[in-house]
Amino acid sequence: MNTMSVESTRELIAAYYHTFNAGDREAFLALLTDDVVHDVNQGGREIGKGAFRVFLERMDRCYREDIRDVVVMVSDDGTRAAAEFMVHGTYLATDDGLPDASGQTYVLPAGAFFDIRDAKVARISNYYNLPDWERQVLGG
């Protein structure tokens with residue numbers, strides 16, 4: 001059976017955001033299964049740790065983000081979790097298909113859903129309001 005305690009899952013999700021905020025990409029990637037599924041906000045589905053590494057490299061080039069005010073909810077069997085949080089960011093370099101970057105700052109409410117397997121994150125699905133982000137970086 002693939003269950004974890006609620007507290008172990010809560011600690012895993014807390015570590016996920018802590019290592020993201022710390023910029024420790026190797027520790028962050030170590031929290032993921034090799035076949036991790038990543039549903040990108042309003043984008044496609046990427047599979048595997050290699051694809052997630054490429055995603056993080058793009059994120060680090062284009063954005064500086066700090067995840068704050070994280071609230072984690074966990075299923076009774078510890079295999080699924082959700083998090084609600086605030087993203088405090090700076091748009092550093094223009095990302096493909098998005099407005100030009102010039103160091104704009106933004107604050108966005110966001111959420112994520114997780115599947116947990118073998119004490120690691122097996123799926124992460126992120127959601128935030130892209131039109132709100134665009135309005136903030138365009139100064140509207």
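The values are calculated or read from the model by the stated rules, or taken from the named source; none is laboratory data. Note that this is a predicted model, so its numbers are computed, not measured. Every residue, glycine among them, receives a Cβ derived from its backbone with ideal geometry; neighbour counts consider all protein chains shown. These area figures cover heavy atoms from the full protein model, side chains too; ligands, DNA and RNA do not enter into them. Shrake-Rupley method; radii C 1.70, N 1.55, O 1.52, S 1.80 Å.
Taken together, 96, 39, 69 contain a single residue that is of a type outside the set (Phe, Trp, Tyr) and surrounded by 14 or more Cβ atoms within 10 Å (Cβ to Cβ), which is 39.
With respect to residue 77, is the statement that it is exposed (fewer than 14 other Cβ atoms within 10 Å of the Cβ) and under 30 Å from residue 4 (Cα atoms) true? So residue 77 fails the test. When 58, 45, 64 are checked against the criterion of being closer than 25 Å to residue 119 by Cα and within 16 Å of the chain's Cα centre (by Cα), a single residue qualifies: 45. Selection of first residues in region 102-128 that are more than 21 Å from residue 48 (Cβ to Cβ) and of second residues that are hydroxyl-bearing (Ser, Thr, Tyr) and open to solvent by 60 Å² or more (accessible area, probe 1.4 Å), restricted to Cβ pairs under 6 Å at least 6 apart or on distinct chains, gives the following pairs, ordered by first then second residue: 108/128; 110/128; 111/127. The set of residues in region 50-86 being of a type in the set (D, E, K, R) and more than 17 Å from residue 121 (Cα to Cα) consists of 57, 58, 60, 61, 64, 65, 66, 68, 69. When residue 30 is tested against (1) out of contact with any helix residue (DSSP H, G or I) (no Cβ under 8 Å at 6 or more places or on another chain); (2) open to solvent by less than 50 Å² (accessible area, probe 1.4 Å), exactly one condition is not met: (2). Scanning region 14-28 for residues that are aliphatic (A, V, I, L, M) and in contact with a Leu (Cβ under 8 Å, 6 or more places away or on another chain) yields one hit, 15.
Checking 138, 130, 98, 108 one by one, the residue that is modelled with pLDDT under 95 and within 16 Å of the chain's Cα centre (by Cα) is 130 and no other. If only residues of region 42-66 that are of a type in the set (D, E, K, R) and in contact with an Asp or Glu (Cβ under 6 Å, 6 or more places away or on another chain) are counted, the one that is surrounded by the most Cβ atoms within 10 Å (Cβ to Cβ) is 49.
Among the criteria (1) on the phi < 0 side of the Ramachandran plot; (2) at pLDDT 95 or above; (3) among the acidic types (Asp, Glu), the one residue 69 does not fulfil is (1).
Within the option set 55, 113, 28, being in contact with a strand residue (DSSP E or B) (Cβ under 6 Å, 6 or more places away or on another chain) and of a type in the set (A, V, I, L, M, F, W, C) holds for one residue only, 113.
Search region 2-45 for residues being in a strand (DSSP E or B) and at pLDDT below 95, and hand back the single one that is farthest from residue 121 (Cα to Cα). If we take residues in region 2-45 being in a strand (DSSP E or B) and at pLDDT below 95, then 45 is farthest from residue 121 (Cα to Cα). For region 1-27, a residue qualifies if it is of a type outside the set (A, V, I, L, M, F, W, C), open to solvent by 40 Å² or more (accessible area, probe 1.4 Å) and either out of contact with any Lys or Arg (no Cβ under 7 Å at 6 or more places or on another chain) or without any contact (Cβ under 8 Å) to a residue 12 or more places away in the chain (or both), and the qualifying residues are 3, 5, 7, 8, 10, 11, 18, 21, 23, 24, 25, 26.
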